[in-house]
Amino acid sequence: MERYFQEDIECASREKIKAIQDERLVNQVRHVWENVPYYRKKMEEKGITPEDIKSSDDLYKLPFLSKADLREAYPYGLVGVPLKDCVRIQSTSGTTGKRVVAFYTQKDIDLWEECCARAIMAAGGTNEDVCQVSYGYGLFTGGPGLNGGSHKVGCLTIPTSSGNTDRQIMFIMDLQATILCCTPSYAAYIGERMKELGYGPDDIPLKAGIFGAEAWSEEMRCDIENTLGIKAYDIYGLTELSGPGVSFECSAQAGMHINEDHFIAEIIDPDTGEVLPEGTQGELVFTSVDKEAFPLIRYRTRDICTLTREKCSCGRTHVRMTKPKGRTDDMLIIRGVNVFPSQIETVLLNHGYAANYQIIVDRVNNTDTLDVQVEMTPEMFTDNIGEIETRQKELVDGLKAMLGLKAKVSLVAPKSITRSEGKAVRVIDKRKI
């Protein structure tokens, strides 16, 4: 049976959702115009005033915000309320450059935690569950967001944060945790360690996992599900918008429902900024329609995905976004070819390798080189050079078929690539050094 945290809004009619978005957007534009001089200046440069925005149909008229704007306005230039009304900051992990700091009123935190509660209940969570939150806490949004959502659902919450993997496993087993929240790469590592300790999927009490904060493939999902004996759900968010819970997967596992009463999503052409028709792949843009302290309008996420309004078997009516294919800013262009790390991961997992790899890009004699270092599993580890060369050639051919270009593949010993307890560092691009 499908469970909802706020069924009346999660299953609302399209007309009701549109009416909520229209009213909230009009109010938000007025709020930003009056309280955020940085964005008001951008509106004035486009010749737009709040009177020009009568509904969400007028959203396209408004200027975009990008991460560059957030850096330029750092630290307080985009804050929409007096600082005395702000109760918390969170910050990005800084994996793509200078950190971004976002601000929250108490109302902002309550709404964010409600979004995370929706995600937990969509994964089958109830107040009878034991939810282990193994995302990082502190400035990173993962831990605080899912922690608050778990409280709102009424789960017994285990705030382990990330790291100390053997202690994580002790709590899972001793406290009979049923839901695990962490990054997918850390879930894979926990699964790998549990296997080493002799636990099979039937021994592990977990029933569901809520994994986000980095790109992961369907093959990686299957691998984690089989190792831990769970159903693995995707969750999406950005610190700039609040954190995890902007969208989440339901039991259908067919895209993530966007919480449209709080966020309006658009897909644009990343080069021209033109809004694309629904169902077209492009860059995801979000507008937060009721955030008070850090109200971002038309924020360019750099994530590449597609939106669909096809009816979902779970009963939720909010638009779904596909798992991001990659990002326009961590998409690698190698010898003129667009390459996403997720494509490489798919090939590796399809050939029976775990998702422990590193992509090293360099430039030699003015030509880009692509070297994929892949860990062998303990079962396939061998000192037979011929067998290793055969395996490497299989991966070279598989990557060429997927990417359309030749990569060098280096098979390395099990556990020789550093494990991640947070976001995995998959790409080392030496061309920028």
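Quick check: is even one residue across segment 102-111 surrounded by 24 or more Cβ atoms within 10 Å (Cβ to Cβ), modelled with pLDDT of 95 or more, aliphatic (A, V, I, L, M) and within 21 Å of residue 221 (Cβ to Cβ)? No, there is no match, as no residue in segment 102-111 is surrounded by 24 or more Cβ atoms within 10 Å (Cβ to Cβ), modelled with pLDDT of 95 or more, aliphatic (A, V, I, L, M) and within 21 Å of residue 221 (Cβ to Cβ). Within segment 197-208, does at least one residue satisfy the condition of being of a type in the set (A, V, I, L, M, F, W, C), assigned by TED's automatic domain parsing to the domain that holds residue 317, part of a helix (DSSP H, G or I) and touching a residue at least 12 places away in the same chain (Cβ under 8 Å)? Checked segment 197-208: no residue is of a type in the set (A, V, I, L, M, F, W, C), assigned by TED's automatic domain parsing to the domain that holds residue 317, part of a helix (DSSP H, G or I) and touching a residue at least 12 places away in the same chain (Cβ under 8 Å). In segment 262-286, the residue that is modelled with the lowest pLDDT out of those that are in a loop (DSSP other than H, G, I, E, B) and closer than 21 Å to residue 20 by Cβ is 278. Please work out if residue 215 is outside any loop (DSSP other than H, G, I, E, B) and assigned by TED's automatic domain parsing to the domain that holds residue 302. Here the answer is no, as residue 215 does not meet what is asked. When residue 343 is tested against (1) closer than 30 Å to residue 265 by Cβ; (2) out of contact with any helix residue (DSSP H, G or I) (no Cβ under 8 Å at 6 or more places or on another chain); (3) assigned to a helix (DSSP H, G or I), only condition (2) is not met. Residues in segment 1-46 that are part of a helix (DSSP H, G or I), free of Cβ contacts under 8 Å to residues at least 24 places away in the same chain and under 30 Å from residue 251 (Cβ atoms): 7, 8, 15, 16, 19. Cβ-Cβ distances below 7 Å connect the following pairs, each with a first residue in segment 55-75 that is without any contact (Cβ under 8 Å) to a residue 60 or more places away in the chain and in the same structural domain as residue 298 (by TED's automatic domain parsing), a second residue that is outside any strand (DSSP E or B) and basic (Lys, Arg), and a separation of six or more residues or different chains: 71/98.
Taking segment 165-196 as the range and being of a type in the set (A, V, I, L, M), over 17 Å from residue 231 (Cα atoms) and in contact (Cβ under 8 Å) with a residue 40 or more places away in the chain as the test, only 175 passes. Just so you know, in segment 195-214 the residues that are buried (at least 21 other Cβ atoms within 10 Å of the Cβ) and touching a helix residue (DSSP H, G or I) at 6+ places or on another chain (Cβ under 7 Å) include one that is nearest to residue 92 (Cα to Cα), and it is 213.
Every residue, every condition in (1) farther than 20 Å from residue 201 by Cα; (2) free of Cβ contacts under 8 Å to residues at least 12 places away in the same chain; (3) assigned by TED's automatic domain parsing to the domain that holds residue 135, yes or no:
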{"residue": "220", "(1), (2), (3)": "no, no, yes"}
{"residue": "227", "(1), (2), (3)": "no, no, yes"}
{"residue": "230", "(1), (2), (3)": "no, no, yes"}
{"residue": "246", "(1), (2), (3)": "yes, no, yes"}
{"residue": "253", "(1), (2), (3)": "yes, no, yes"}
{"residue": "258", "(1), (2), (3)": "yes, no, yes"}
{"residue": "264", "(1), (2), (3)": "yes, no, yes"}
{"residue": "272", "(1), (2), (3)": "yes, yes, yes"}
{"residue": "275", "(1), (2), (3)": "yes, no, yes"}
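Restricting attention to segment 335-360, the residues that are closer than 19 Å to residue 302 by Cα and touching a Leu at 6+ places or on another chain (Cβ under 8 Å) add up to 6. Considering segment 301-320, the residues that are among the β-branched types (Val, Ile, Thr) and more than 23 Å from residue 46 (Cβ to Cβ) include one that is surrounded by the fewest Cβ atoms within 10 Å (Cβ to Cβ), namely 308.
For segment 137-178, the set of residues classified as at pLDDT 95 or above, of a type in the set (A, V, I, L, M, F, W, C) and within 19 Å of residue 214 (Cα to Cα) consists of 146 only.
Candidates are the residues of segment 47-87 that are in contact with a strand residue (DSSP E or B) (Cβ under 7 Å, 6 or more places away or on another chain) and in a helix (DSSP H, G or I); the one that is farthest from residue 290 (Cα to Cα) is 60. Only a single item in (1) touching a Phe, Trp or Tyr at 6+ places or on another chain (Cβ under 8 Å); (2) in a loop (DSSP other than H, G, I, E, B); (3) touching a residue at least 60 places away in the same chain (Cβ under 8 Å); (4) within 19 Å of residue 231 (Cα to Cα) is not met by residue 118, and it is number (2). Being more than 28 Å from residue 235 (Cα to Cα), in a helix (DSSP H, G or I) and not hydrophobic (A, V, I, L, M, F, W, C) is a property that does not hold for residue 406. Going through segment 253-300 one residue at a time, which ones are surrounded by 20 or more Cβ atoms within 10 Å (Cβ to Cβ) and over 19 Å from the mean Cα position of the chain (by Cα)? If the condition is that a residue be surrounded by 20 or more Cβ atoms within 10 Å (Cβ to Cβ) and over 19 Å from the mean Cα position of the chain (by Cα), then 261, 289, 291, 292, 293, 294, 295, 297 are the ones that fit. Just give me the residues in segment 361-396 being of a type outside the set (Lys, Arg), surrounded by fewer than 16 Cβ atoms within 10 Å (Cβ to Cβ) and part of a strand (DSSP E or B), in sequence order. Within segment 361-396, 362, 364, 367, 371 qualify.
The values are calculated or read from the model by the stated rules, or taken from the named source; none is laboratory data. Not measured: the values here are computed from a predicted model. A quick note on method: Cβ atoms are made from the backbone with ideal geometry, for glycine too, and the neighbour counts reach across all protein chains shown.
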